[in-house]
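The structure appears below as C-alpha coordinates.
The values are calculated or read from the model by the stated rules, or taken from the named source; none is laboratory data. Values in this document were obtained by computation on a predicted structure and should not be read as measured data. We place every Cβ from the backbone using ideal geometry, glycine too, and count neighbours over all the protein chains shown. Each accessible area value is taken on the protein alone, full model and side chains, heavy atoms only, with ligands, DNA and RNA left out. Shrake-Rupley method; radii C 1.70, N 1.55, O 1.52, S 1.80 Å.
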Amino acid sequence: MKLARELSTAAIAILVLPVMLGVAYPLVMTGISQVAFPNKADGSQIKVGGKVVGSRLIAKAFALRGGKPDPRYFQPRPSQTDYSATASAFSNRGPNSIEARFFYRDELNAYLALEGRFDPALTKAKVPVDAVTTSASGVDPHISQANARIQAHRVASVRRLSLARVNALIQDNTDGRFLGVIGEPGVNVLELNLALDKEAPVR
(Lines give C-alpha, C1' and ligand atoms only; values in the text may rest on other atoms or scores of the structure.)
Protein backbone atom coordinates (compact mmCIF):
# COMPACT_ATOMS: atom_id res chain seq x y z
CA MET A 1 0.00 0.00 0.00
CA LYS A 2 2.80 2.37 0.93
CA LEU A 3 4.72 1.48 -2.23
CA ALA A 4 1.65 2.10 -4.40
CA ARG A 5 1.12 5.52 -2.77
CA GLU A 6 4.74 6.47 -3.35
CA LEU A 7 4.57 5.33 -6.97
CA SER A 8 1.40 7.29 -7.58
CA THR A 9 2.91 10.39 -5.97
CA ALA A 10 6.01 10.04 -8.13
CA ALA A 11 3.92 9.54 -11.26
CA ILE A 12 1.87 12.65 -10.51
CA ALA A 13 5.03 14.66 -9.90
CA ILE A 14 6.52 13.47 -13.19
CA LEU A 15 3.40 14.51 -15.06
CA VAL A 16 2.53 17.72 -13.23
CA LEU A 17 5.91 19.35 -12.58
CA PRO A 18 7.04 19.45 -16.24
CA VAL A 19 3.73 21.01 -17.21
CA MET A 20 3.90 23.57 -14.40
CA LEU A 21 7.56 24.48 -14.68
CA GLY A 22 8.16 23.77 -18.36
CA VAL A 23 4.96 25.19 -19.84
CA ALA A 24 2.77 27.16 -17.43
CA TYR A 25 5.53 29.10 -15.64
CA PRO A 26 7.34 30.24 -18.83
CA LEU A 27 4.03 31.27 -20.39
CA VAL A 28 3.05 33.30 -17.32
CA MET A 29 6.47 34.98 -17.13
CA THR A 30 6.41 35.71 -20.87
CA GLY A 31 2.94 37.22 -20.59
CA ILE A 32 3.93 39.41 -17.64
CA SER A 33 7.10 40.59 -19.36
CA GLN A 34 5.24 41.38 -22.59
CA VAL A 35 2.84 43.58 -20.65
CA ALA A 36 5.33 45.20 -18.26
CA PHE A 37 8.44 45.38 -20.48
CA PRO A 38 7.40 44.76 -24.10
CA ASN A 39 10.57 46.10 -25.73
CA LYS A 40 12.97 44.33 -23.38
CA ALA A 41 10.98 41.09 -23.66
CA ASP A 42 11.45 41.19 -27.44
CA GLY A 43 15.22 41.62 -27.18
CA SER A 44 15.46 45.42 -26.89
CA GLN A 45 15.07 45.75 -30.64
CA ILE A 46 15.84 49.06 -32.31
CA LYS A 47 13.69 49.99 -35.29
CA VAL A 48 14.19 52.65 -37.93
CA GLY A 49 11.30 53.35 -40.26
CA GLY A 50 9.50 50.28 -38.92
CA LYS A 51 12.44 48.00 -39.75
CA VAL A 52 14.53 46.24 -37.11
CA VAL A 53 18.15 47.38 -37.46
CA GLY A 54 19.56 45.68 -34.38
CA SER A 55 19.36 45.41 -30.62
CA ARG A 56 20.75 47.77 -28.02
CA LEU A 57 22.09 44.68 -26.24
CA ILE A 58 24.13 43.21 -29.12
CA ALA A 59 27.08 44.65 -31.01
CA LYS A 60 26.83 45.06 -34.75
CA ALA A 61 29.58 45.37 -37.34
CA PHE A 62 29.70 48.55 -39.43
CA ALA A 63 31.75 47.48 -42.41
CA LEU A 64 32.19 48.15 -46.09
CA ARG A 65 32.01 45.44 -48.73
CA GLY A 66 34.99 43.20 -48.21
CA GLY A 67 34.79 43.49 -44.43
CA LYS A 68 36.86 46.64 -43.91
CA PRO A 69 35.55 49.01 -41.19
CA ASP A 70 33.32 51.77 -42.53
CA PRO A 71 35.14 55.01 -41.60
CA ARG A 72 31.85 56.90 -41.36
CA TYR A 73 30.81 54.94 -38.28
CA PHE A 74 32.04 54.20 -34.80
CA GLN A 75 33.33 50.67 -34.55
CA PRO A 76 32.53 48.15 -31.79
CA ARG A 77 35.23 46.23 -29.99
CA PRO A 78 36.60 43.08 -31.69
CA SER A 79 34.41 39.97 -31.67
CA GLN A 80 35.43 36.34 -31.44
CA THR A 81 32.20 35.30 -33.18
CA ASP A 82 31.95 38.02 -35.83
CA TYR A 83 29.13 39.64 -33.82
CA SER A 84 26.84 36.61 -34.10
CA ALA A 85 24.14 36.68 -31.42
CA THR A 86 23.56 32.95 -31.90
CA ALA A 87 27.11 31.97 -31.02
CA SER A 88 28.33 34.33 -28.30
CA ALA A 89 31.65 33.22 -26.82
CA PHE A 90 34.96 34.48 -25.51
CA SER A 91 38.34 33.79 -27.03
CA ASN A 92 39.97 31.49 -24.42
CA ARG A 93 43.31 33.14 -25.16
CA GLY A 94 45.46 33.00 -22.05
CA PRO A 95 48.06 35.60 -20.97
CA ASN A 96 50.94 33.34 -22.05
CA SER A 97 49.38 32.34 -25.37
CA ILE A 98 51.44 33.04 -28.48
CA GLU A 99 48.18 33.24 -30.42
CA ALA A 100 47.00 35.99 -28.07
CA ARG A 101 50.20 37.95 -28.64
CA PHE A 102 49.72 37.91 -32.41
CA PHE A 103 45.98 38.63 -32.16
CA TYR A 104 46.44 41.72 -29.99
CA ARG A 105 49.35 42.90 -32.12
CA ASP A 106 47.22 42.68 -35.27
CA GLU A 107 44.22 44.38 -33.63
CA LEU A 108 46.43 47.17 -32.30
CA ASN A 109 48.02 47.76 -35.71
CA ALA A 110 44.61 47.77 -37.39
CA TYR A 111 43.26 50.27 -34.86
CA LEU A 112 46.22 52.60 -35.33
CA ALA A 113 45.94 52.32 -39.11
CA LEU A 114 42.26 53.30 -38.99
CA GLU A 115 42.48 56.08 -36.39
CA GLY A 116 46.07 57.32 -36.58
CA ARG A 117 45.80 59.62 -39.59
CA PHE A 118 42.86 61.43 -38.00
CA ASP A 119 44.55 61.72 -34.60
CA PRO A 120 48.32 62.25 -35.08
CA ALA A 121 48.89 62.26 -31.32
CA LEU A 122 47.59 58.69 -31.01
CA THR A 123 50.22 56.17 -29.93
CA LYS A 124 50.12 52.50 -28.97
CA ALA A 125 50.25 53.44 -25.32
CA LYS A 126 47.12 55.59 -25.67
CA VAL A 127 44.94 52.88 -27.25
CA PRO A 128 42.27 51.72 -24.75
CA VAL A 129 42.24 48.03 -23.84
CA ASP A 130 38.70 47.49 -25.13
CA ALA A 131 39.76 48.67 -28.60
CA VAL A 132 41.87 45.55 -29.16
CA THR A 133 40.31 42.91 -26.90
CA THR A 134 37.12 40.90 -27.23
CA SER A 135 34.46 40.89 -24.54
CA ALA A 136 33.37 37.79 -22.63
CA SER A 137 30.30 37.44 -24.84
CA GLY A 138 31.84 38.63 -28.09
CA VAL A 139 28.82 40.87 -28.67
CA ASP A 140 29.21 43.62 -26.06
CA PRO A 141 27.34 46.62 -27.52
CA HIS A 142 29.42 49.17 -25.62
CA ILE A 143 32.86 50.67 -26.01
CA SER A 144 34.69 52.80 -23.47
CA GLN A 145 34.41 56.57 -23.54
CA ALA A 146 38.13 56.77 -24.22
CA ASN A 147 37.76 54.52 -27.26
CA ALA A 148 34.82 56.57 -28.54
CA ARG A 149 36.69 59.87 -28.14
CA ILE A 150 39.59 58.56 -30.21
CA GLN A 151 37.22 57.39 -32.95
CA ALA A 152 35.45 60.74 -32.81
CA HIS A 153 38.33 62.39 -34.68
CA ARG A 154 37.80 60.08 -37.66
CA VAL A 155 34.02 60.27 -37.64
CA ALA A 156 34.00 64.07 -37.33
CA SER A 157 36.43 64.42 -40.23
CA VAL A 158 34.65 61.96 -42.54
CA ARG A 159 31.19 63.30 -41.75
CA ARG A 160 32.34 66.93 -41.76
CA LEU A 161 31.02 67.59 -38.29
CA SER A 162 32.73 69.48 -35.51
CA LEU A 163 34.59 67.35 -33.00
CA ALA A 164 32.62 69.05 -30.23
CA ARG A 165 29.32 67.98 -31.80
CA VAL A 166 30.46 64.37 -32.18
CA ASN A 167 31.66 64.31 -28.57
CA ALA A 168 28.27 65.64 -27.49
CA LEU A 169 26.58 62.75 -29.31
CA ILE A 170 28.95 60.35 -27.53
CA GLN A 171 27.87 61.79 -24.20
CA ASP A 172 24.20 61.53 -25.15
CA ASN A 173 24.61 57.82 -25.93
CA THR A 174 26.67 56.85 -22.90
CA ASP A 175 25.11 54.50 -20.36
CA GLY A 176 26.18 55.20 -16.79
CA ARG A 177 27.26 52.79 -14.08
CA PHE A 178 24.66 50.25 -12.92
CA LEU A 179 23.01 51.65 -9.78
CA GLY A 180 25.53 54.46 -10.02
CA VAL A 181 28.43 52.41 -8.65
CA ILE A 182 28.83 49.11 -10.55
CA GLY A 183 30.95 48.90 -13.70
CA GLU A 184 32.13 51.73 -15.92
CA PRO A 185 30.18 54.05 -18.24
CA GLY A 186 29.87 52.61 -21.73
CA VAL A 187 29.00 54.10 -25.12
CA ASN A 188 26.33 52.17 -27.03
CA VAL A 189 27.79 51.97 -30.54
CA LEU A 190 24.60 51.16 -32.45
CA GLU A 191 22.59 53.94 -30.82
CA LEU A 192 25.45 56.38 -31.34
CA ASN A 193 25.72 55.53 -35.04
CA LEU A 194 21.98 55.92 -35.50
CA ALA A 195 22.19 59.32 -33.82
CA LEU A 196 24.99 60.20 -36.23
CA ASP A 197 22.86 59.25 -39.21
CA LYS A 198 20.15 61.62 -37.97
CA GLU A 199 22.66 64.40 -37.44
CA ALA A 200 24.52 63.93 -40.73
CA PRO A 201 22.73 61.45 -43.03
CA VAL A 202 24.98 59.20 -45.09
CA ARG A 203 24.60 59.78 -48.83
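Below are the figures for this structure:
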item: Angle between the chain longest axis and helix 98-115 axis [Cα atoms, degrees, rounded to 10]; result: 50 degrees
item: Efficiency of FRET between N96 and K126 - r from beta-carbon atoms, R0 25 angstrom, step 0.05; result: 0.45
item: Reachable lysines, given that their alpha-carbon falls under 24 Å from the alpha-carbon of K124 and they are not under 8 places away in the same chain; result: K68
item: Net +/- balance of residues flanking D119 in space, Cβ distance below 11 Å, scoring K and R +1, D and E -1; result: +3
item: Label zone at L64, where the point sits 7 Å out along the Cα-to-Cβ direction: region 118-154 residues whose backbone N lies under 16 Å; result: 118, 154
item: 222 nm mean residue ellipticity, helices alone, for the chain (DSSP H n ≥ 4; -39,500 (n - 2.57); rounded to 500); result: -13500 deg cm²/dmol
item: Computed log₁₀ I(q)/I(0) - Debye formula, equal Cα scatterers, no solvent, region 101-167, q 0.16, 0.17, 0.26 Å⁻¹; result: -0.56, -0.63, -1.20
item: For region 110-166, accessible area per residue (1.4 Å probe, heavy atoms of protein chains only), Å²; result: 47 Å²
item: Accessible surface of region 49-172 [probe 1.4 Å, protein heavy atoms]: carbon and sulfur percent; result: 54 percent
item: Peptide ranges 71-84, 170-183, 188-201 listed from the most packed, as the mean C-beta count within 10 angstrom indicates; result: 71-84, 188-201, 170-183
item: Local electrostatic count at P141 - Lys and Arg +1, Asp and Glu -1, tallied over other residues with Cβ under 13 Å; result: -1
item: Long-range HN-HN contacts of S55 with modeled amide H, under 5 Å; result: I46
item: Relative frequency of Cα-Cα separations exceeding 32 Å in the chain, percent; result: 32 percent
item: Area of I12 that stays accessible when all protein chains are in place (1.4 Å probe, Å², to 10); result: 100 Å²
item: Between helix 189-199 and the chain: long-axis angle, C-alpha atoms, 0 to 90°, nearest 10; result: 50 degrees
item: 0 to 90° range, to nearest 10: angle between helix 145-159 axis and the chain longest Cα axis; result: 60 degrees
